[in-house]
Amino acid sequence: MNTILRKSILGIAGLAFTGGVFAGPVAAHAADTTHAGKPVAVSVQGDKLIPHGVQGTQSRIDLDDEQTANVKAIIAATKKAGMDERAAVVSIATALQESKLENLGHLGDRNDHDSQGLFQQRPSSGWGTVEQITDPEYSTTAFLKGLKQVDGWQDMPLTKAAQTVQVSAYPDHYAQWEQQAADLVAQHWNS
């Protein structure tokens with residue numbers, strides 16, 4: 001086999017493996033209700049919730065009671081941190097991408113290293129203990145603390161702000177949840 005072909009095959013295999021390792025928990029919990037690839041009607045616009053408009057095709061999942069409770073916990077922690085609706089949109093979109101708003105514990109072989117909780121934070125990376133990062137208020141506060149340290153996050157596209165905090169292998173994937181996150185903040189911010 002020639003060298004170029006062999007390197008190409010090995011490179012593709014490496015990407016497939018890496019994608020499986022990094023996307024494990026997210027891919028394992030992707031709901032069948034995701035409407036990826038289908039345009040979603042824009043129902044919330046404005047300078048606070050979606051100041052840049054949405055980027056790319058939007059995804060949407062149906063939420064159960066636990067996921068809705070996690071949305072409300074993220075909003076409550078955002079308010080407690082003294083941050084605005086846009087911070088809640090960034091937080092919820094991030095949690096939608098990382099865990100589909102499920103407070104995930106250790107997933108065994110499907111786990112991405114030691115990532116856990118709504119934001120798939122890692123104890124080994126200094127996010128906190130397992131008990132802390134699986135507490136919705138704590139994990140949201142930790143995410144928001146990171147977001148506050150990003151200069152100009154309010155003026156960035158959502159996916160760039162989220163990526164700067166999360167350092168994901170898939171930095172553009174946060175954008176697909178912006179509309180649903182904005183809709184959820186609009187629905188629950190004052191409830």
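Relative protection proxy for 153-166, 49-62, from highest mean packing down: 153-166, 49-62 (other beta-carbon atoms within 10 angstrom). Around the amide H of L104, modelled in the peptide plane, lie the amide H atoms of G117, L118, all under 5 Å away and 5 or more residues distant in sequence or on another chain. With a Förster radius of 35 Å applied to the C-beta separation of S124 and K148, the computed FRET efficiency comes to 0.95. For segment 112-191, the spread of Cα positions along the three principal axes, ordered from largest to smallest, is 32, 30, 22 Å.
We did not get these values from a lab; they are worked out from the coordinates using the rules stated. Being a predicted model, the structure only gives us computed values, none of them experimental. So basically every Cβ, Gly included, is an ideal-geometry build from the backbone, and we count neighbours across all protein chains shown.
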